[in-house]
Structure formats: structure tokens, C-alpha cells
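**Student:** My questions will all concern the structure given below.
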Amino acid sequence: MRKILFQSLVRRPLTEAPPATDEAPLAELGAEVDRAARCRLGRSLSIRQVDAGSCNGCELEIHALNNAFYDLERFGLRFVASPRHADVLLVTGPVTKNMREALERTYAATPDPKWVVGVGACAIDGGVFKTSYACVGGLSDVVPVDLYVPGCPPSPQALLRALLTLLKEAA
Amino acid sequence: MAALIDRIEGRRIEGHRPWPRLVVSEQVWRGIADELAAGRLVLVGLWGDSGCVHMAVLDEEAGDIAVASLDCPQPRYPSVGARHPPAIRLERALHDLYGMHAVGSPDSRAWLDLGFWDVRHPLGKSRRVAAERTPYPFLPVEGEGLHQIPVGPVHAGIIEPGHFRFTVNGETVVRLEQRLGYAHKGIESLMTGASLDRGARLAGRTSGDSTVAYAFAFAQAVEAALETTVPPRAVYLRALMAELERLANHFGDIGAICNDASFALMHAQCGILREMTVRAAAACFGHRLMMDCIVPGGVARDLDRAGIASLRALMKEANRIFPQLVELYDNTASLQDRTATSGVVRSELARQFGAGGYVGRASGRAYDARKRPGYAPYDRLDFEMALFDAGDVNARVWVRIREVEQSLKLLAQILQRLPEGPIAAPLNTSADRIVEGSGLVEGFRGDVFVWLRLEGDRIARCHLRDPSWFQWPLLEAAIEGNIVADFPLCNKSFNCSYSGHDL
């Protein structure tokens, strides 16, 4: 263990400021998130993720935000275990009918001010599951949505960019 | 031993490939249930169709599979679960979707239908109803000093939805009862009438972490039904994708299991390897999870020179870093203290349930669909099956470690042997031909089974069976007698799919 820990002292960090995205360099994006979060929320934004029946693809990419490359917490953004601690609900899935009530109750348990971000193609309109008897077919039919992140699933960069947009609008 | 499956008597259905399907009598149906109960056959799947039920069974020794079908003009059939418990949840789901009763089943509670739909039996003789929730009768637990902890469907982490009802005595779990179905999206009803393209997209979204395995099994089933020969280059590229998916998930799991034992260093290091893997996948095939990259007939994306370079870079890094992490895992006593002897699955249970993947192989069940029945190109590749018999969290970690090593070996072999040529073959669908096919693919979690019937170029019926069906029940058994605080650890070591199970 010591060897690995020592290595990380001398190695350059993996955390990326660099990789340029299509629209803006991630470094610049990160700085903007930082500024906006600091201004609006005193450098803290708590996110509660709710899976409303996704295929689990979106969750994998949301998980990736925590890895060394994206390191979400450096921006003061972090995932919390309870909706009662959250500012943002990050919701995935086509909202299955079986999850509708649980989602509504989670939303109700989140204190104001709160924002809802719909993640993935399913959250927008049900995606490939749109016409199913078992799906509501869109997040906005259940809770008010502030922002969507399209993609199947959206990349970690897209998720990061979306959180910035949200902060700007909220500020 | 092949004789066991050959002995099943019935009317053989033409146009069902690659394994036989037989319409059997009620007596033969019961006989198969007895063979399952005696452990001479393994249950692969049990699902409904219009006017009949199907059951796929495996002769593990011979690697032979057969599908037995029982016509049920009345909506009832003799319960398999009454003799063979692994079938119980499948029968409950079958009842919710088709309205067919398993006569004699010890458990007739609803499973996927939680009372929120406005339709009953959506795949059978469906009727509109008002959504009506009736209280779910959890199994009674009696005794002094017991209390219950309900958890979910919304969990504390970034996880899929499901409900766990713990009954505990102090810190010790006396019983866990799962209640699933929250992620039910009605995939099998969406499959009905869908084109093959749409079917492949749906299959690839049954369980996002296994999108390659599902698309692979779906494509196998379509190609078997239509007697399509996949070009050799596509065969190898499919295996390449499947091994990349296995690597990414195993890296993620090993890290996450250690994280649930509060060893964050492994989590961070394994997270790096996982990210490197999905980035290599994106560089090769244009999608980090490789969704929609396998299509019936072949693959949708070819591998170019830059892709090969990114794979070589990934293999080099993984081969350099991973052995250090294995050493770290092996030499950290405080971590081993949590993983060793926690959440034990007895080998008899793993065998009885036909548990696939690391759950089965950590409990001594030597089964890997890549070996038996086996499919191309694995019959031409050299790899070993990881096998442990302690059945605890530690063993499930070690199966994953060994499989990471084997997958890296397989990647090297695939790149070395990758043939040139086309990457897809045309599908010879003809207007009114009815054909049936099935596929079995070893995903990272275990064997994914797909069965379908095509009418012309449309899907008439498609059933997808996740490996989790035979792993979830074992988690209930594994947690018994462990402390509540070890549940996340045990659960993560199983990493069952909610979405794949709920469909």
C-alpha cells in the first residue's frame, strides 16, 4: 500500500483539467463551475441521484464523475445519501410506473430551493421505452424539471457541463 | 450424458435453432421438474407465450440445452417451483405478465406487478384496470427481540431501485426478503412487433452494464433463427467488445467492493482502470459502453488502426498496474478481515440455482457459457475458467481478479488473430416465414439467455433472461447470520442487476 501511496506523491495527478471538449475546454468549464458554485451556494452543491427505472447505463457514467479523471468534488459538488440533504435531484430512467410514487416522495422530501436534472434520453420522453404500459414516459410528467442532459447515456463531460448550466441559471 | 436431454419426449418444432424445442405432455413437464429437483438438469429459463409456457433446461455435463413447451389452453400449468425452488420467482413473473397460474406453487404473490399499472397481464389476455395497490404480504418472521429495517426502493447511493426488508436480531440479520420489480419497463411487450433493429436496441438497454452481452445474445438468437453466418472478423470483434465490457465491470466491482469495506484506495485505483477501459472502448467503437455496436448479422463499427493502438496502450497499463492492486488486496489484512468468510453461498445452493458468473464460480460451480455450450470465437481461444469454492465475498473478488487476467490474455489473442474482411452479413428474412432461435452469452455477471420467434422481419415474441434471476435469491441466503453493516459489502460482491431482472 505504501508503494502505491508514495507513487501518487511523485506522479502527476490523473485528474483532468486538460481534455478539450467540442464546446469548451474542460479546464475552463471547471473554473466556471467553481465560480458559479461559490457565488450561489458558498462552494457547495449536494446532489441526490434517483434511478427511476433506468437500464443502469446512466448510473455508470454518473459514477464516473467521482473517479480520478473527473473528480467532481473539487468543484464542491458531491453526492449525498438522502434527499433531505440535497439541492439537486439527478434523475435517470423513463420513470417506470412502479417508481413514480417513490420519485414523488423523494422530491417532496427534498428541501427548497431545489432543482431537478433529468439525465439521459429516457428522462426526456421515455426514450426507447416511451410507449410501454409500464412507463410514465417522461420525467416532466411527474416532477418539474429544470434541465435535461441528453445522451444514451450522457458522457461524464456532458454531465459536468449540465451542472454548470444549472448553476448559472440558478444563480 | 447427452442422452438426458435426448430422452425428453415430445413433438419437435421445426425451425427452432440451434437447440431443439419440444412440445411436451404434462407428464413429461413434471418429469423435467423432477430432473431439475434431482440436480440432473439446470434451469435456464421459464417464460410465457400465447397459450403455452416454455422452459429451457441445460445438461451441464454435456453442455446441451433444450426448450420444452407445454400447451395450456386453460391459463394454468403444473408448477415447476413446487419441486424446484429456483423457478418460483420466474413463475410469479410469468403470472404477472401472462396471467397463467402455476398450479401447486408455494408462492403465488405478485412479483413484477406492484399494483401501479393500469393493465393486468399485459402480455396475455390483458385487461384495463384501475391501478390498485394492495399491501404486500412479506413472509412472517416470529421471535423475541426481532425488528425490521425496510430499505428502498430509493437507496442511499448511486444504485438501481429495489426494496429490501431486513429482519434483525441486534446486529445480526435473521432474514432478508427482497422485493423487486421497480425497474420494470415492459421490455418484452415492446419487443412484440418490433423490427430487428429496434429489438437489438431494446436488448442492449435491458441492463446497461451488460449491453454488449445482451446485444450479443440477441444477435445470436436472430442469427440462429435465420441461419445467418456471421463474418469471421465480426465474430472476433464481438468477443473483443465482450471482454472489454467484462474488464470495465470487473475493475469497477473490485474497487466498489473494497470501498464498501472502507478501503477507498482500491476504489480510486480500480476507478482509474475502469475509466481507461471505457475510454479505449470509445476510441475503438465510438461509445464508452459499446451500446448498439453489436447488431444482428455482425457488428456496427469496425476497428481501425487508432483503435488497436488504444487497446494496446490499455493492455500495457492494465498489465502494469493491476498486479500491484492484486498484491495490495492480498496483503491488506484489515480488508481481508471484512471480505473473508462474509456472505457465504453454499456450493449446493449455487448448483441448485444454476447460479452463473462469479456467484457460481466462487462457490465451486464450474460453469462458463463460453466453455459450455461454447460459442465462437471462444472455442478457438485459450483461456481458463476461474474457480473458487469458499463462496464468500473474498472468493467472488478472486474470481473477478482471475477473470481480469484472463480477459487481458484474451484481448491479446483476439488482436493477434483478428481476421480481415466484412463486419456484417445480410439477414435473409423472408416475408411470412416463422422461425425461432435462442442465444446464450457469458456476460460479466453470468449467462444471458435470449429466446425469440420471428415472423418475417418482425419479432413476434422475445424473452430475455438475466443471470440475476438465479443470483438474487442466493443473496437472501448469503446474508443470513451476517451483520447488517456487511450487507452493502455482500450485495456489491453479487452486484445483481435490477433492470435486467425487472425487465
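The values are calculated or read from the model by the stated rules, or taken from the named source; none is laboratory data. Keep in mind it's a predicted model, so treat the numbers as computed, not measured. Every residue, glycine as well, gets a Cβ built from its backbone with ideal geometry; the counts of neighbours run over all protein chains shown.
**Student:** Restricting to segment B:201-246, and then to whatever is within 10 Å of another protein chain (Cβ to nearest Cβ) and among the basic types (K, R), can you tell me which residue is nearest to B:N495 (Cα to Cα)? Quick ask: steps written out before the conclusion?
**Tutor:** Taking segment B:201-246 as the starting set, the residues that turn out to be within 10 Å of another protein chain (Cβ to nearest Cβ) are B:201-202, B:204-211, B:214.
From what is left, the residues that are among the basic types (K, R) are B:201, B:205.
Values: B:R201: 23, B:R205: 17 Å.
Within segment B:201-246, the match that is nearest to B:N495 (Cα to Cα) is B:R205.
**Student:** Find the residue count for segment B:247-261, including only residues that are more than 13 Å from chain A (Cβ to nearest Cβ) and out of contact with any Leu (no Cβ under 9 Å at 6 or more places or on another chain). Walk me through how you get there before you give the answer.
**Tutor:** In the first step, residues of segment B:247-261 are kept if they are more than 13 Å from chain A (Cβ to nearest Cβ); the result is B:247, B:250, B:254, B:257, B:260-261.
Okay, now just the ones that are also out of contact with any Leu (no Cβ under 9 Å at 6 or more places or on another chain), so B:250.
Summing the residues that are more than 13 Å from chain A (Cβ to nearest Cβ) and out of contact with any Leu (no Cβ under 9 Å at 6 or more places or on another chain) in segment B:247-261 gives 1.
**Student:** Among the numbered conditions (1) facing chain B (nearest Cβ under 9 Å); (2) surrounded by 23 or more Cβ atoms within 10 Å (Cβ to Cβ); (3) under 27 Å from B:H287 (Cβ atoms), tell me where A:N66 comes up short.
**Tutor:** Only one criterion in (1) facing chain B (nearest Cβ under 9 Å); (2) surrounded by 23 or more Cβ atoms within 10 Å (Cβ to Cβ); (3) under 27 Å from B:H287 (Cβ atoms) is unmet by A:N66, namely (2).
Listed here are the residues, each with its yes/no results for (1) outside any strand (DSSP E or B); (2) of a type outside the set (D, E).
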| residue | (1), (2) |
| --- | --- |
| B:V28 | yes, yes |
| B:D34 | yes, no |
| B:G39 | yes, yes |
| B:G45 | no, yes |
| B:P73 | yes, yes |
| B:I88 | yes, yes |
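Conditions tested, residue by residue: (1) among the β-branched types (V, I, T); (2) within 14 Å of another protein chain (Cβ to nearest Cβ).
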| position | (1), (2) |
| --- | --- |
| A:T92 | yes, yes |
| A:A108 | no, yes |
| A:V117 | yes, yes |
| A:G137 | no, yes |
| A:P144 | no, no |
| A:S155 | no, yes |
| A:A158 | no, yes |
| A:L167 | no, no |
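**Student:** Suppose the filter is out of contact with any Asp or Glu (no Cβ under 6 Å at 6 or more places or on another chain), more than 21 Å from B:H184 (Cα to Cα) and within 11 Å of chain B (Cβ to nearest Cβ); does A:D71 pass it? Even if it seems obvious, please write down each step before you answer.
**Tutor:** On the way: out of contact with any Asp or Glu (no Cβ under 6 Å at 6 or more places or on another chain): yes; more than 21 Å from B:H184 (Cα to Cα): yes; within 11 Å of chain B (Cβ to nearest Cβ): yes.
Yes: the conditions hold for A:D71.
**Student:** Of the residues that sit in segment A:130-161 and are in a helix (DSSP H, G or I) and free of Cβ contacts under 8 Å to residues at least 60 places away in the same chain, which one is nearest to A:V119 (Cα to Cα)? Quick ask: steps written out before the conclusion?
**Tutor:** Filtering segment A:130-161 down to residues in a helix (DSSP H, G or I) leaves A:139-141, A:156-161.
Now restrict to residues that are free of Cβ contacts under 8 Å to residues at least 60 places away in the same chain: A:140-141, A:158.
Numbers: A:S140: 12, A:D141: 15, A:A158: 10 Å.
Out of the qualifying residues, it is A:A158.
**Student:** Hey, another quick one. What's the total number of residues in segment A:105-122 that are more than 8 Å from A:L89 (Cα to Cα) and either free of Cβ contacts under 8 Å to residues at least 60 places away in the same chain or not in a loop (DSSP other than H, G, I, E, B) (or both)?
**Tutor:** Adding up the residues that qualify gives 11.
**Student:** Report the residue count in segment B:145-157 for those that are outside any loop (DSSP other than H, G, I, E, B) and facing another protein chain (nearest Cβ under 8 Å).
**Tutor:** Taking segment B:145-157 as the starting set, the residues that turn out to be outside any loop (DSSP other than H, G, I, E, B) are B:146-151.
Of the ones still in play, those that are also facing another protein chain (nearest Cβ under 8 Å) are none.
The number of residues fulfilling the criteria is 0.
**Student:** Return the total of residues in segment A:70-96 being surrounded by 19 or more Cβ atoms within 10 Å (Cβ to Cβ) and either outside any helix (DSSP H, G or I) or under 12 Å from the mean Cα position of the chain (by Cα) (or both). Please lay out each step first, then the result.
**Tutor:** At the first step, the residues of segment A:70-96 found to be surrounded by 19 or more Cβ atoms within 10 Å (Cβ to Cβ) are A:70, A:72, A:75, A:77, A:79, A:83, A:86-96.
This time we only want the ones that are either outside any helix (DSSP H, G or I) or under 12 Å from the mean Cα position of the chain (by Cα) (or both), so: A:70, A:72, A:77, A:79, A:86-96.
Here the count works out to 15.
**Student:** Being closer than 25 Å to B:L97 by Cα, over 26 Å from the mean Cα position of the chain (by Cα) and among the charged types (D, E, K, R), is that true of even one residue in segment B:131-142?
**Tutor:** There is at least one residue in segment B:131-142 that is closer than 25 Å to B:L97 by Cα, over 26 Å from the mean Cα position of the chain (by Cα) and among the charged types (D, E, K, R).
**Student:** Now for a different question. Quick check on B:V173: is it outside the structural domain of B:I88 (by TED's automatic domain parsing), in contact with a Ser or Thr (Cβ under 8 Å, 6 or more places away or on another chain) and among the hydrophobic types (A, V, I, L, M, F, W, C)? Give the derivation first.
**Tutor:** Details: outside the structural domain of B:I88 (by TED's automatic domain parsing): yes; in contact with a Ser or Thr (Cβ under 8 Å, 6 or more places away or on another chain): yes; among the hydrophobic types (A, V, I, L, M, F, W, C): yes.
Considered against the rule, which asks whether it is outside the structural domain of B:I88 (by TED's automatic domain parsing), in contact with a Ser or Thr (Cβ under 8 Å, 6 or more places away or on another chain) and among the hydrophobic types (A, V, I, L, M, F, W, C), B:V173 comes out as yes.
**Student:** Next question. Working only within segment A:94-106, note down all residues that are at the interface with another protein chain (Cβ under 9 Å from one of its Cβ atoms) and among the hydrophobic types (A, V, I, L, M, F, W, C). Explain how you work it out, then say what you get.
**Tutor:** Taking segment A:94-106 as the starting set, the residues that turn out to be at the interface with another protein chain (Cβ under 9 Å from one of its Cβ atoms) are A:94, A:96-103, A:105-106.
Answer for segment A:94-106, where residues must be at the interface with another protein chain (Cβ under 9 Å from one of its Cβ atoms) and among the hydrophobic types (A, V, I, L, M, F, W, C): A:M99, A:A102, A:L103.
Each row is one residue, and each column tells you yes or no for (1) basic (K, R); (2) within 14 Å of another protein chain (Cβ to nearest Cβ); (3) in a strand (DSSP E or B); (4) touching a helix residue (DSSP H, G or I) at 6+ places or on another chain (Cβ under 9 Å).
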position: B:L427; (1), (2), (3), (4): no, no, no, yes
position: B:R445; (1), (2), (3), (4): yes, yes, no, yes
position: B:W469; (1), (2), (3), (4): no, no, no, yes
position: B:L474; (1), (2), (3), (4): no, no, no, yes
position: B:K492; (1), (2), (3), (4): yes, yes, no, yes
position: B:H501; (1), (2), (3), (4): no, yes, no, yes
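**Student:** Determine which member of the set B:P106, B:P122 is more than 27 Å from B:R351 (Cβ to Cβ) and assigned to a loop (DSSP other than H, G, I, E, B).
**Tutor:** Values: B:P106 fails: more than 27 Å from B:R351 (Cβ to Cβ).
Matching residue, one of B:P106, B:P122: B:P122.
**Student:** Would you be able to say whether some residue in segment A:22-45 is at the interface with chain B (Cβ under 7 Å from one of its Cβ atoms), at pLDDT below 95 and assigned to a loop (DSSP other than H, G, I, E, B)? Give the derivation first.
**Tutor:** Going through segment A:22-45, the residues at the interface with chain B (Cβ under 7 Å from one of its Cβ atoms) turn out to be none.
The answer is no, given that none of the residues of segment A:22-45 is at the interface with chain B (Cβ under 7 Å from one of its Cβ atoms), at pLDDT below 95 and assigned to a loop (DSSP other than H, G, I, E, B).
**Student:** Go through segment B:463-478 and give me each residue that's hydrophobic (A, V, I, L, M, F, W, C) and surrounded by 24 or more Cβ atoms within 10 Å (Cβ to Cβ). Show your work before the answer.
**Tutor:** Of segment B:463-478, the ones hydrophobic (A, V, I, L, M, F, W, C) are B:464, B:469-470, B:472, B:474-475, B:477-478.
Answer for segment B:463-478, where residues must be hydrophobic (A, V, I, L, M, F, W, C) and surrounded by 24 or more Cβ atoms within 10 Å (Cβ to Cβ): B:L464, B:W469, B:F470, B:L474, B:A478.
**Student:** Something else now. Given the condition modelled with pLDDT of 95 or more and surrounded by fewer than 17 Cβ atoms within 10 Å (Cβ to Cβ), answer yes or no: does some residue in segment B:60-73 qualify?
**Tutor:** Yes.
**Student:** Let me ask you something else. Filter segment B:262-310 down to residues that are of a type in the set (V, I, T) and closer than 22 Å to B:S207 by Cβ and give me whichever is farthest from the other protein chains (Cβ to nearest Cβ).
**Tutor:** Looking only at segment B:262-310, we keep the residues that are of a type in the set (V, I, T), and these are B:272, B:277-278, B:294-295, B:299, B:308.
This time we only want the ones that are closer than 22 Å to B:S207 by Cβ, so: B:277-278, B:294-295, B:299.
Numbers: B:T277: 11, B:V278: 8, B:I294: 15, B:V295: 15, B:V299: 18 Å.
Of everything passing the filter in segment B:262-310, B:V299 is farthest from the other protein chains (Cβ to nearest Cβ).
**Student:** Let me ask something additional. Go through (1) more than 15 Å from A:I47 (Cβ to Cβ); (2) out of contact with any Lys or Arg (no Cβ under 6 Å at 6 or more places or on another chain); (3) within 14 Å of chain B (Cβ to nearest Cβ) one by one and return the number of the condition A:Y148 breaks.
**Tutor:** It fails just one condition, (3).
**Student:** B:C258: more than 30 Å from A:K130 (Cβ to Cβ) and at pLDDT 95 or above, yes or no? It would help to see each step written out before you state the result.
**Tutor:** On the way: more than 30 Å from A:K130 (Cβ to Cβ): yes; at pLDDT 95 or above: yes.
In short, yes.
**Student:** Then there is this: Has segment B:107-122 got at least one residue that is touching a residue at least 60 places away in the same chain (Cβ under 8 Å), more than 14 Å from every other protein chain (Cβ to nearest Cβ), of a type in the set (A, V, I, L, M, F, W, C) and in contact with a helix residue (DSSP H, G or I) (Cβ under 7 Å, 6 or more places away or on another chain)?
**Tutor:** No: zero hits.
**Student:** Same structure again: Just to check your reading of the model, which residue among B:V448, B:V399 is touching a residue at least 60 places away in the same chain (Cβ under 8 Å) and surrounded by 18 or more Cβ atoms within 10 Å (Cβ to Cβ)? Don't jump to the end; show me each part of the working.
**Tutor:** Numbers: B:V399 fails: touching a residue at least 60 places away in the same chain (Cβ under 8 Å).
Only one candidate qualifies: B:V448.
**Student:** Shifting gears a bit: Quick test for you: out of B:E132, B:E188, B:E142, B:E160, pick the one residue that is under 20 Å from A:P94 (Cα atoms) and assigned to a loop (DSSP other than H, G, I, E, B). Before the answer, list the steps.
**Tutor:** Values: B:E132 fails: under 20 Å from A:P94 (Cα atoms); B:E188 fails: assigned to a loop (DSSP other than H, G, I, E, B); B:E142 fails: under 20 Å from A:P94 (Cα atoms).
Going through B:E132, B:E188, B:E142, B:E160 in turn, the sole match is B:E160.
**Student:** Have a look at B:R372, B:R351 and point out the one that is modelled with pLDDT under 95 and in a helix (DSSP H, G or I). Explain how you work it out, then say what you get.
**Tutor:** On the way: B:R351 fails: modelled with pLDDT under 95.
On inspection, the qualifying residue turns out to be B:R372.
**Student:** Follow-up. Given (1) free of Cβ contacts under 8 Å to residues at least 24 places away in the same chain; (2) away from chain B (no Cβ under 11 Å), where does A:D87 come up short, assuming only one miss?
**Tutor:** Checking A:D87 against (1) free of Cβ contacts under 8 Å to residues at least 24 places away in the same chain; (2) away from chain B (no Cβ under 11 Å), the one that fails is (1).
**Student:** Out of (1) within 9 Å of chain B (Cβ to nearest Cβ); (2) farther than 17 Å from A:V117 by Cα; (3) buried (at least 22 other Cβ atoms within 10 Å of the Cβ), the odd one out for A:N56 is which?
**Tutor:** (2)
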